[in-house]
1. Looking at the chain as a GNM with Cα springs under 10 Å, which of Gln29, Gln107, Gln324 has the largest mean-square fluctuation?
2. Would you grab the residues whose amide H sits under 5 Å from the one on Asn98? Only those 5+ places off in sequence or on another chain, please, with H modelled 1.01 Å from N.
3. Can you give the angle from 0 to 90° between the axis of helix 135-147 and the longest principal axis of the chain, with both taken from C-alpha atoms, to the nearest 10?
4. Quick check: convex hull over the Cα atoms of segment 132-277, volume per residue in Å³, rounded to an integer?
5. Within segment 269-290, whose backbone N sits under 11 Å from a point 7 Å along Cα→Cβ of Asp260?
6. How many Å³ per residue does the convex hull of the Cα positions in segment 28-90 occupy?
7. Give the residue list of chymotrypsin sites (Phe, Trp or Tyr not before Pro) in segment 275-343 that are DSSP loop and have at most 12 other beta-carbon atoms within 10 angstrom.
8. Viscosity 0.890 mPa s, temperature 25 °C: give me the Stokes-Einstein translational D for segment 120-196 in µm²/s, with Rh taken as the Kirkwood radius over C-alpha pairs.
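The values are calculated or read from the model by the stated rules, or taken from the named source; none is laboratory data. Given the structure is predicted, the values throughout are model-derived calculations rather than measurements. Positions of Cβ are generated from backbone atoms using ideal geometry, with glycine treated the same way; all protein chains shown enter the neighbour counts. Quick note on the areas: whole protein, heavy atoms, side chains included, nothing else; ligands and nucleic acids left out. Shrake-Rupley method; radii C 1.70, N 1.55, O 1.52, S 1.80 Å.
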Amino acid sequence: MTSSADHVTSNGRGLWVETIRRDLLAGQQVKLSGTLFLVRRARQDVGQNSGLYVKCELGDQTGWIEAVWWDAGKLGHEALEGLLATPVWTVDGTASVNRYGGRETPQIRIEMARAATGTDPLEVPGLVRRSASSEEELGEWLSETIDRIENVPISRLLKDTLGRDGLWRTQYLRAPAAVHYHHAYVGGLADHVRDMVSAGESCLVTFPRANSDLILAGILFHDVGKLDTFSTASSPQIARTGRYLDHITAGISRLSLAMDACPGFPIQIREHLLHIVASHHGQKEYGSPVLPATREAIVVNHLDRLSSLLSHFDEWGRQNSVDQFGWSIETSPWLKITLAISSPDIPDSFDGDDFEL
């Protein structure tokens, strides 16, 4: 039993998920009173005692935590349906460590939840995780990158879709790159692509036989299917289309239609760009219907994996505690291993004083 001195209480938005986790690790329960959260994966079910309950994840810019509301049925069917469709809740309840099946999981037990109607999550400071760069900054970077393309058909295609007045531009700048594993936040896709462009330009210095315009366009287009398969709302979620199609299939379709809308678009460029999109996961078991078979496709594949994996280290480090050696406590669901979250301390000199060059 935890004494009253071991409780932490919060009202409003002054409590973060990472703070809740920290206090729980210190042995403190956390009392929530009118705390604002983003909500995802909310679903209702009936327990063994025939009572209606709700399970969901509550979050903010610092992370997500599981939550359960055992007596949600008291709200009434119509009110509960409306609540589940609302992206922001005001929550009363208690956070504690749930011990089940040999695991200890931080969990919020909801006592009451109310829909924060009329609240724009993007307008609540700190509620929505987003790129460290503003949408205007990301847009300016995107325009400057497109302006460097010299090939006329490729330049025209990029300006029509992602340029300053491009049809996809707003959605592209707000989309996440993933739901969980990497760049999983508003503006994450643009951050992911920007990482790849920066690294790709360095690759082109070393490997000048690869076509720079095809590589830049391939990078900018490789994940456009995510505009259809992921929601660009306040928290990354799989969209309706994403239940039926993967982002590679959706990307091939979206890019094909865009090229169809450019009269006389060269078939050689069309085939090469579609090949880059189709092969950018590198292996069929990773979702690519074909393997990368050109210099440009190989470059895009490896840049995509490099950016994704290094971002995954950051994502996994945010969500998990580390042991005394700086490794994650939990196994990465993507790589199936624990990760060295903390960078090692690298000495810049020898321990002994008698070493001579």
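1. Residue with maximal mean-square fluctuation among Gln29, Gln107, Gln324: Gln324.
2. Thr105, Gln107
3. 20 degrees
4. Values: hull volume 16.1 nm³, N = 146.
Output value, Cα hull per residue: 110 Å³.
5. none
6. Numbers: hull volume 6.5 nm³, N = 63.
Once divided by residue count, the hull of segment 28-90 is 103 Å³.
7. Values: sites: Tyr286, Phe313, Trp316, Phe325, Trp327, Trp334; in loops: Phe325, Trp334.
Within segment 275-343, the qualifying chymotrypsin sites (Phe, Trp or Tyr not before Pro) (loop, at most 12 other Cβ atoms within 10 Å) are Phe325.
8. Numbers: Rh = 13.1 Å.
Diffusion coefficient, whole number: 187 µm²/s.
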